[in-house]
Amino acid sequence: MAYRHPAAFLLGMEGLALHRAFAGEFDAAFVEARLAEVRAILAADERGSLGAGDHVGETDTVAGYRIWARTYDEPGNPLIDVEEPVVRELLAGLAPGRAVDAACGTGRHAFSLAAAGHAVVGVDSSPDMLAVARRTVPGALFVRGDARRLPVADGSVDLVTCALALTHLPALEPAFAEFARVLRPGGHLVTSDIHWQSLYLGGIASTVDDSGVESRMPASRFRPSDYVTAALGAGLTVRACREPRWPRSAEGGGPFLRAWAAEAVDAAYENTPAAIIWKFQR
């Protein structure tokens, strides 16, 4: 269970901005403005204006995505806006074949794969996300399952995709071993994940149930070396790696952070990777 305090979150963002200034990215006026904001935040917290801290529990992905499935595909998810074009770039040019979309969710990538001529099997542990996927991509086959235990024969597919899901696992090795198992020699694997740095900017996926209780889904902080180690151990070769950055946005960080520390938020997000996206080959 995590403890969250609004003042601590604001001060942490100010700290990230000040560390960047210490590294030479900003001038004295920027630093003085941040220090003034820190004093204002502490004064507001002393008055009780920011609200009290609270504890937030953890939920599993089946329960979490049961709630999130209702809104997952709505416009305005900044991580998807960054991730999706890069994944499609890495998939472009691959000959149509048999594809498995592991942890397929609502079928975002299954849709584009089917449109490109692939015969798609989508696998996900969430029945609610699968229900959306079946409506989105009626020509694909969707089955409930685990990315670490795919219902697919050895060496039978040309392509595996796994998007924005590996962070929910405690370890990468079982999933990568399974992806390698089902791929034919020469087959490709494309994965995407939220970047570990963005998890510390408030990027941990959370949901609010009908009674108003907020819970977080599991979020492992995998480093680039963790993906490489898991892939090489499974006999895969790295073909590409992308770390697309967050774009500058007037809404970046959300309304609470921007109301108190918009300039610090922009500095903390500046040139910070949003996602890490890989292309491997067996």
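The values are calculated or read from the model by the stated rules, or taken from the named source; none is laboratory data. Note that this is a predicted model, so its numbers are computed, not measured. We place every Cβ from the backbone using ideal geometry, glycine too, and count neighbours over all the protein chains shown.
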Counting residues that are in contact (Cβ under 8 Å) with a residue 12 or more places away in the chain and over 23 Å from Asp193 (Cβ atoms), which strands (runs of 3 or more DSSP E) fully inside region 49-155 reach at least 2?
54-58
Any residue at all in region 156-166 that is in the same structural domain as Leu90 (by TED's automatic domain parsing), in a helix (DSSP H, G or I), surrounded by 23 or more Cβ atoms within 10 Å (Cβ to Cβ) and in contact (Cβ under 8 Å) with a residue 40 or more places away in the chain?
yes
Among the residues of region 215-237, count how many are surrounded by 14 or more Cβ atoms within 10 Å (Cβ to Cβ) and not in a loop (DSSP other than H, G, I, E, B).
9
Tally, over region 252-277, of residues that are exposed (fewer than 14 other Cβ atoms within 10 Å of the Cβ) and either touching a residue at least 60 places away in the same chain (Cβ under 8 Å) or over 25 Å from Glu84 (Cα atoms) (or both):
1
Is there a residue in region 65-77 that is of a type in the set (A, V, I, L, M, F, W, C), at pLDDT 95 or above and surrounded by fewer than 19 Cβ atoms within 10 Å (Cβ to Cβ)?
no
So which of Arg39, Arg34 ends up being at pLDDT 95 or above, surrounded by fewer than 11 Cβ atoms within 10 Å (Cβ to Cβ) and in a helix (DSSP H, G or I)?
Arg39
Going residue by residue through region 123-139, is there one that turns out to be at pLDDT 95 or above, among the basic types (Lys, Arg) and in contact with a helix residue (DSSP H, G or I) (Cβ under 8 Å, 6 or more places away or on another chain)?
no
In region 238-255, what count of residues is obtained for those that are modelled with pLDDT of 95 or more and part of a helix (DSSP H, G or I)?
0
Quickly run through region 177-191 and pick out the residues that are within 19 Å of Val120 (Cα to Cα) and either part of a helix (DSSP H, G or I) or under 18 Å from the mean Cα position of the chain (by Cα) (or both).
Glu178, Phe179, Ala180, Arg181, Val182, Leu189, Val190, Thr191
